[in-house]
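The block underneath contains the structure these notes are about, expressed in structure tokens.
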Amino acid sequence: MTDSDVFVGSAARAPIRLLDESGSPVVGEQAAGFGMPSAELLLKMYRQMVLVRRFDVQVTTLTRQGRLATYAPALGQEACEIAGVEALAPQDWLFPSHRDTVAMLARGIPPQGALAFFRGEWHSDFDPKQYRVAPLTVPLATHLLHAVGLATAAKLKGDPVVSLGFLGDGATSEGDAHEAFNFATTWQSPTVFVIQNNQYAISVPLARQSHLAHFVDRAAGYGMPGYLVDGNDAAAMYAVISSAVERAREGGGPTLIEGVTYRVEAHTNSDDPTRYRTAAEVDAWRARDPLTRLERYLRAAGELDDELAERFALEAEDLAARTRELMNTEPVLDPLELFDHVYAAERPAMAEQRALLERELTDTQAGAQR
Amino acid sequence: MTLIDENPAAVASAPARTKPVTMAAALGAALRDAMAEDPDVVVFGEDIGTLGGVFRVTDGLAAQFGDGRVWDSPAAESGIVGTAIGMAEYGLRPVVEMQFDAFSYPAFQQITSHLAKMGSRTKGRMRLPVVVRIPCAGGIGGIEHHSDSSEAYWAATPGLTVVMPSNPTDAYSMLREAIACDDPVIFMEPKSRYWMSEQIDLPVHSLPMTRARVARIGTDVTLIAYGSGVKVALDAAEAAAEEELSIEVVDLRSLSPFDDETVCASVRKTGRAAVIHEAAGFGGFGAEVAARVTERAFFSLEAPILRITGFDIPFPAPKLEQYNLPNVERVLAALDTWEW
């Protein structure tokens, strides 16, 4: 296989931006008509980004220490994660992929619930209906169909509910992504798809994933608007996602959005990114950090000063401390619960097997006592 | 020898009011009645709207309930099941059709990784009351990919309820129950039985869908079957009766959960058992039946449990399928291999 030039119909171009890399507002063509979100909202997003960055770093450390089974860090992708969450109304639904734990946290799920999956306690441990967040999904793109189905159900019931599904660049290759895009446009489902193009599917670069310069160029093929956005520009990501959410809510159907960003950390703790990318490349992306960019804008605009920044940092430290404490305490799990939720209906085999495990547990305890 | 009525519910109905109802019509009636009763029941899939389904099971539903309740979906099975999951997450009770058994394979991941697991994954906080209707098995002269028997895949997946009616009465009653069930149900419809009719007056209620039914009482052998195999078993029992061999037929109806009680009670009585299915024998559902019965009723058995199944070959082309499908002769020949 060769990494040939991309398809001529998908020319490389600059993404939509509202803040340049130095944090200065962008005007004109590159803003594509999108207005700057309010300073209040950007400050709120900045605080969230500071909090989840610290959380993400803490969880990565705890994973290296063996406190979690594994973790997929979102470091460097906070603009996409937080913009997606902030653009949603309380009644809307978030469908996260495996790298979106911080978005789940920002949506209000406590650290224990957000991390139960990676800690290995249970495959999910929060009430999806309480937070309007689906359990995070490992099989790539499969959750996008759930997002389309849920939004379609809401539409059929006449409820103004929008669903937002996150996916990565690798997931765009899955058949379910294609089916979700096609079902969404055919049914005009109020769904927003946000591709976080972080340049690698574990180790596989974009050129091995697609013949396009930009995944979002597929949008017209499905019959929906598509927006290529600077994924490290929180202002632009928010402006584009929220306009798509409102369009969906008003009956305008789905939108495909591609945020161009970078996965600064490894895929998970078991990955070795030095095998497939250079330190220089990582450094170049670190220089485009989404938090730094927003911080510069807010400071220049007089919305953020040292005192407030310090307050956010302390809040973040507090969240990290709580997370450490939580993860350093071994969870109390009931093995017998394994049988309790498989079926809503009673099933004799579940009762028999539950009783078997109960006997095994009793025998183990008795053996330990002898 | 007593022949249990194939259709016990029909007995209660006044003869003057009964009329012949095919299994396809009974399934359609079940969908219609469920939709009329519960506005959250929606039906979608390939060709199920305007056309009424390739087997006409959904005939008339689109006209009666409109586009918001019954509609044709894009031709993509993973998309059909995946969106049904999302709808169930929001509170609807979708009933989707896979059109033909082998057409369900693109949906395998959605069914096994999500539909089956969501209830357990969320500690019961998000149940998925989805019914996946799968017209299954052969015997109708279908070209390749139109005659598979996929039941063992689904039955091997914890979290799924897998049922298969063999007659119009059960088809109606079990589909109503499947739609009302809060767990996902794989509802398998043996295509070769779609046109079988019974004199019944709908609505009918038969046994709970998770229970097996003794379809014919006998004393010497228990034939365990489901779906299209029930007809083969009953025909074999009729033929055997002429040779004074009394065969009891158990129609499993539900593959998962499995009604050990009814099956083992019959085997303990007869002392001999054989299981019939169209699917290939190797790794087929019959192996599970044989193992379960052996574990529970070994000391009542006078002979090894037999499996009378399709061969371990890909389902044949239409002109050759008759050589693969279990029939009365294969059943009787198998029973002859026992020492009596």
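Worth a mention:
- Checked against the criterion of being more than 7 Å from every other protein chain (Cβ to nearest Cβ) and either farther than 21 Å from A:Ala87 by Cβ or surrounded by fewer than 21 Cβ atoms within 10 Å (Cβ to Cβ) (or both), the candidates A:Phe118, A:Phe183 yield just one match: A:Phe118.
- Helices (runs of 4 or more DSSP H) fully within the range A:22-108 counting 1 or more residues that are among the polar types (S, T, N, Q) and surrounded by 23 or more Cβ atoms within 10 Å (Cβ to Cβ): A:101-106
- Counting only helices (runs of 4 or more DSSP H) wholly contained in the range B:245-340, the ones carrying 3 or more residues that are of a type in the set (A, V, I, L, M) occupy B:260-270, B:285-297, B:328-336.
Per-residue answers, yes or no, for (1) surrounded by fewer than 16 Cβ atoms within 10 Å (Cβ to Cβ); (2) part of a loop (DSSP other than H, G, I, E, B); (3) at pLDDT 95 or above:
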residue	(1), (2), (3)
B:Ala178	no, no, yes
B:Asp182	yes, yes, yes
B:Pro203	yes, yes, yes
B:Leu207	no, yes, yes
B:Thr210	no, yes, yes
B:Thr222	no, no, yes
B:Lys231	no, no, yes
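- Among the residues of the range A:135-162, just one is in contact with an Asp or Glu (Cβ under 7 Å, 6 or more places away or on another chain) and closer than 23 Å to A:Asp340 by Cβ, namely A:Leu136.
- Residue within the range B:239-260 that is more than 23 Å from B:Ile217 (Cβ to Cβ) and among the basic types (Lys, Arg) present: no
- Output for the range A:138-155, where each listed residue is more than 19 Å from A:Asp56 (Cβ to Cβ), surrounded by fewer than 24 Cβ atoms within 10 Å (Cβ to Cβ) and either touching a strand residue (DSSP E or B) at 6+ places or on another chain (Cβ under 7 Å) or more than 7 Å from chain B (Cβ to nearest Cβ) (or both): A:Leu140, A:Lys155
- Only residues that are on the phi < 0 side of the Ramachandran plot, within 15 Å of the chain's Cα centre (by Cα) and of a type in the set (Gly, Ala, Ser) were counted in the range A:126-167, giving 4.
- Taking the numbered list (1) assigned to a loop (DSSP other than H, G, I, E, B); (2) touching a residue at least 12 places away in the same chain (Cβ under 8 Å) in turn, A:Val8 passes all entries but (2).
- Residues satisfying the stated conditions in the range B:130-149, i.e. surrounded by 23 or more Cβ atoms within 10 Å (Cβ to Cβ) and either on the phi < 0 side of the Ramachandran plot or within 14 Å of chain A (Cβ to nearest Cβ) (or both): B:Val130, B:Val131, B:Val132, B:Arg133, B:Ile134, B:Pro135, B:Cys136, B:Gly138, B:Ser147, B:Asp148, B:Ser149
- Conditions (1) without any contact (Cβ under 8 Å) to a residue 60 or more places away in the chain; (2) of a type in the set (Gly, Ala, Ser); (3) closer than 16 Å to B:Asp183 by Cβ: number failed by B:Gly86: (3)
- If the condition is being under 15 Å from A:Arg208 (Cβ atoms) and either facing another protein chain (nearest Cβ under 8 Å) or in contact with a helix residue (DSSP H, G or I) (Cβ under 9 Å, 6 or more places away or on another chain) (or both), then the range A:156-173 contributes A:Asp169, A:Ala171, A:Thr172.
- Just so you know, in the range A:136-145 the residues that are touching a His at 6+ places or on another chain (Cβ under 7 Å) and not in a strand (DSSP E or B) include one that is farthest from A:Asp92 (Cα to Cα), and it is A:Val138.
Per-residue answers, yes or no, for (1) under 30 Å from B:Pro316 (Cβ atoms); (2) under 15 Å from the mean Cα position of the chain (by Cα); (3) among the aromatic types (Phe, Trp, Tyr):
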{"position": "B:Thr112", "(1), (2), (3)": "yes, no, no"}
{"position": "B:Gly124", "(1), (2), (3)": "no, no, no"}
{"position": "B:Gly138", "(1), (2), (3)": "yes, yes, no"}
{"position": "B:Gly141", "(1), (2), (3)": "yes, no, no"}
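Yes/no matrix, rows are residues, columns are (1) in contact with a Pro (Cβ under 9 Å, 6 or more places away or on another chain); (2) facing chain A (nearest Cβ under 7 Å):
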site	(1), (2)
B:Thr83	yes, yes
B:Met98	yes, no
B:Ala107	no, no
B:Ser113	yes, yes
B:Lys117	yes, no
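- Some residue of the range B:55-68 being of a type outside the set (S, T, N, Q), touching a Ser or Thr at 6+ places or on another chain (Cβ under 6 Å) and within 10 Å of another protein chain (Cβ to nearest Cβ): no
- Test: residue in the range A:63-72 that is touching a residue at least 40 places away in the same chain (Cβ under 8 Å) and under 21 Å from A:Ala244 (Cβ atoms): no
- When the residues of the range B:67-82 are filtered to those that are outside any helix (DSSP H, G or I) and acidic (Asp, Glu), the one that is surrounded by the fewest Cβ atoms within 10 Å (Cβ to Cβ) is B:Asp67.
- Taken as a whole, the condition of being of a type in the set (A, V, I, L, M) and surrounded by 20 or more Cβ atoms within 10 Å (Cβ to Cβ) applies to A:Ala239.
- Candidates B:Arg307, B:Arg330, B:Arg292, B:Arg296 - the one that is surrounded by 13 or more Cβ atoms within 10 Å (Cβ to Cβ), among the charged types (D, E, K, R) and over 23 Å from the mean Cα position of the chain (by Cα): B:Arg296
- Filtered residue count, the range A:156-171, keeping only those that are in a loop (DSSP other than H, G, I, E, B) and crowded, with 24+ Cβ neighbours inside 10 Å: 1
The values are calculated or read from the model by the stated rules, or taken from the named source; none is laboratory data. In this text, all values refer to a predicted model and were calculated from it rather than measured experimentally. Don't worry about glycine lacking a Cβ; one is built from the backbone with ideal geometry, like all the others, and counts go over all protein chains shown.
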